[in-house]
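This report concerns only the one structure given below.
Bear in mind these aren't lab numbers, they're just calculated from the coordinates by the rules spelled out. Please read all numbers here as calculations on a predicted model, not as lab measurements. Here Cβ is always computed from backbone atoms with ideal geometry, including for glycine, and neighbour counts include all displayed protein chains.
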Amino acid sequence: MIKRYLFFLLGVTIFSFVHAQNDSTDWQPAFDKAKKEIKELAGQGANEYAQVGRKLEALAIKNPGYAEPWYFLGAAIDKFNTSSGEDIPTSSLSLAEKASQCFSSCLALSNNNYKGDVLLLDPHSKILSVWGAQAYRFLNEQKTDSAIWCLQQANKYGAINATVKDYFKQVLDECSHGAYLFTNGDLYFYYLAYLQLVENYRHDVHCISLNFLNTKWYPEFLSKDSMLPLVKDGVELAKIKDKKWKAREVSIQNKSNVSGDSLISWTLKPTNGEYLLRADIILQKFIEYNAFQKDIFFAADVPQNMRLFLNEGNYLQLRGLTLKLVPKTNASSLSFLENRLAELNELSVDDTSFLCSRDNIQVLNNYRFAYVEVASLAIREKRLTSAKNIMLFERQKYPESLLPFFAEATKKWFQDFMQKNLNSPENK
């Protein structure tokens with residue numbers, strides 16, 4: 001493949017220049033310029049990343065003891081290899097290995113706790129994404145052993161954290177046998193693949209990435225693998241494209257034995273500006289096709305627009321870390337959820353390795369916000385004492401000293417929630 005030759009071969013030992021002296025006073029301005037260039041390339045083609053990648057490679061070699069250039073060089077190689085999810089089936093294993101090597105070097109130079117600038121994901125997550133993409137490339141080619149090897153490489157290079165892995169186990173554990181689980185983001189997609197393929201954990205759950213449903217290859221892969229029984233062949237799937245949409249009521253038949261034969265209806269608004277995206281249309285068609293015959297779950301942090309504006313107020317039942325599609329409204333049970341919260345993992349003071357990745361912290365904050373959602377339900381049911389106790393237990397179980405907030409805005413939102421709903425005079 002041509003892609004393999006557009007970057008210099010980065011040497012077997014990436015630190016071969018580690019003692020080189022940086023004598024150029026122009027290095028920092030040049031690096032700042034290259035970093036600005038790559039940040040402005042979002043949505044651009046692979047060749048654009050090749051050009052800035054060459055600059056970053058020269059800068060990384062000139063100043064090899066600095067972690068940030070290795071991060072951005074890895075990002076450039078990764079983006080050149082898979083500038084979008086559509087490129088995964090044609091991506092290069094050789095380039096994936098080089099990108100992984102750069103991110104590993106970044107972590108080695110920062111004592112596994114990188115604090116520099118990022119492009120969306122931190123180096124641990126980038127390693128996971130690089131190897132996870134290759135795993136799905138091989139799965140698409142029906143090479144399961146190669147896919148498993150790729151996910152093992154992600155673990156080998158530090159992308160799989162034990163605490164975060166246990167979180168995703170609990171997500172899977174909320175799903176019934178043979179259920180469909182729709183998720184959002186690389187960490188969900190690739191951690192769940194690791195659990196199911198490498199550890200053979202809850203392989204019965206059909207894990208589906210809403211992000212990748214927008215590509216051409218992934219829905220066809222799911223259809224061929226019988227994971228998304230929707231159409232008979234890929235030809236019909238290929239015809240599904242983004243379409244203009246105005247808010248309207250949509251209905252889905254209930255063919256399960258729960259609540260008898262019935263219809264559920266809700267208002268489906270445009271999910272992206274004036275449009276429904278390809279992923280939204282596929283999801284809607286699947287829910288119609290499934291007709292409640294098998295259970296459907298969403299990860300609790302999937303945005304409302306990505307779950308077609310289904311929410312807890314209509315047909316989603318809060319389960320803790322997930323939401324279950326059910327054929328009745330306001331189906332969440334406070335007593336069930338209080339018991340479920342007690343089962344959520346505690347975080348060990350003896351293993352805080354998850355703190356080395358801001359992405360890990362963001363995922364694990366979902367434990368905290370599971371408590372918030374249950375407290376909100378208690379408040380809606382006028383059970384204020386229960387709500388206060390729920391949040392008291394949250395503060396004891398997930399203190400900020402052990403589980404930091406992943407953003408100041410998130411911390412402020414949480415504090416405002418506490419003040420408004422639990423500490424206001426009328427609630428005392």
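How much FRET efficiency would the formula 1/(1 + (r/R0)^6) give for residue 243 and residue 25, where r is the Cβ-Cβ distance and R0 is 51 Å, rounded to 0.05? Each step should come with its number before you reach the end.
On the way: r = 54 Å, r/R0 = 1.07.
With a Förster radius of 51 Å, E is 0.40.
The alpha-carbon atoms of region 135-174, seen along their principal axes, cover 30, 26, 12 angstrom, with the largest extent given first. Computed from phi, the 3J(HN,Hα) profile of region 296-301 under the Karplus parametrisation 6.51, -1.76, 1.60 (θ = phi - 60°) reads 10, 10, 10, 4, 4, 9 Hz, with x in place of Gly and Pro.
Our helix-only sum for the chain, with -39,500 (n - 2.57) per DSSP H run of n ≥ 4 divided by its residues, gives a mean residue ellipticity at 222 nm of -14500 deg cm²/dmol. Counting only Cα atoms, region 206-319 measures 35, 32, 24 Å along its principal axes, largest extent leading.
Taking 2.2 N^0.38 Å as the expected size of a compact globular protein, what ratio does the Cα radius of gyration of region 74-226 give against it, to two decimals?
The reported ratio for this selection is 1.00.
Shape analysis of region 138-202 places it in the oblate category; the axes a ≥ b ≥ c from the Cα gyration tensor give an a/c of at least 1.5, with a/b not above b/c. For region 252-313, the average shadow cast by the Cα convex hull is 4.5 nm², which is a quarter of the hull's surface.
Can you tell me the relative contact order of the chain? Whole percent, Cα pairs under 8 Å, sequence separation 6 or more. It would help to have the intermediate numbers written out before the result.
On the way: 611 pairs, mean separation 43.5, N = 428.
Computed value for the chain: 10 percent relative contact order.
Which residues' amide hydrogens lie under 5 Å from the amide hydrogen of residue 332, considering only partners 5 or more residues apart or on another chain, with H built in the peptide plane? Here the answer is 318, since their amide H atoms fall under 5 Å of that of residue 332. Axis of helix 123-140 versus longest Cα principal axis of the chain: the two differ by about 80°, to the nearest ten degrees. Take the Cα coordinates of region 39-148, assign each an equal point scatterer, and use the Debye formula without solvent to give log10 I(q)/I(0) at q = 0.18, 0.21 Å⁻¹. For region 39-148, the Cα-only Debye profile gives -0.84, -1.09. Between the C-alpha center of region 335-350 and that of region 365-391 there is a gap of 13 Å. The reciprocal of the average 1/r between distinct C-alpha atoms defines the Kirkwood hydrodynamic radius, which for region 296-428 equals 15.7 Å.
In order along region 264-272, phi translates into HN-Hα couplings of 10, 9, 7, 8, 9, 8, x, 9, 8 Hz, rounded to whole numbers, per the Karplus curve 6.51 cos²θ - 1.76 cosθ + 1.60 with θ = phi - 60° and x for Gly and Pro.
Both radii come from the Cα set of region 349-414: Rg as radius of gyration, Rh as Kirkwood radius; their ratio Rg/Rh reads 1.02. Assuming a ≥ b ≥ c are the square roots of the Cα gyration tensor eigenvalues, decide whether region 265-361 counts as rounded (a/c under 1.5), prolate (otherwise, with a/b larger than b/c) or oblate. In terms of gyration-tensor shape, oblate.
When each pair of different Cα atoms in the chain is counted once in the 1/r mean, what is the Kirkwood radius in angstroms, to one decimal?
Working: mean 1/r = 0.0427 Å⁻¹.
Evaluated on the chain, it is 23.4 Å.
Here region 42-87 is treated as a Stokes sphere of Kirkwood radius computed over C-alpha pairs; at 37 °C and 0.692 mPa s its diffusion coefficient rounds to 308 µm²/s.
With respect to the chain, whose longest principal axis is taken over its alpha-carbon atoms, helix 27-39 is tilted by about 40°. Between helix 144-156 and the chain, what is the angle of the helix's C-alpha long axis to the longest principal axis, kept within 0 to 90° and rounded to the nearest 10? Computed tilt is about 80 degrees. Distant-in-sequence amide contacts of residue 262, defined by a placed amide H-H separation under 5 Å and a gap of 5 or more residues or a different chain, comprise 254.
Kindly give the semi-axes, whole Å and largest first, of the ellipsoid equivalent to region 331-379, taking each as the square root of 5 times a Cα gyration tensor eigenvalue. If you can, show how the numbers build up before the last one.
Values: eigenvalues 132, 30, 9 Å².
Values for region 331-379, descending: 26, 12, 7 Å.
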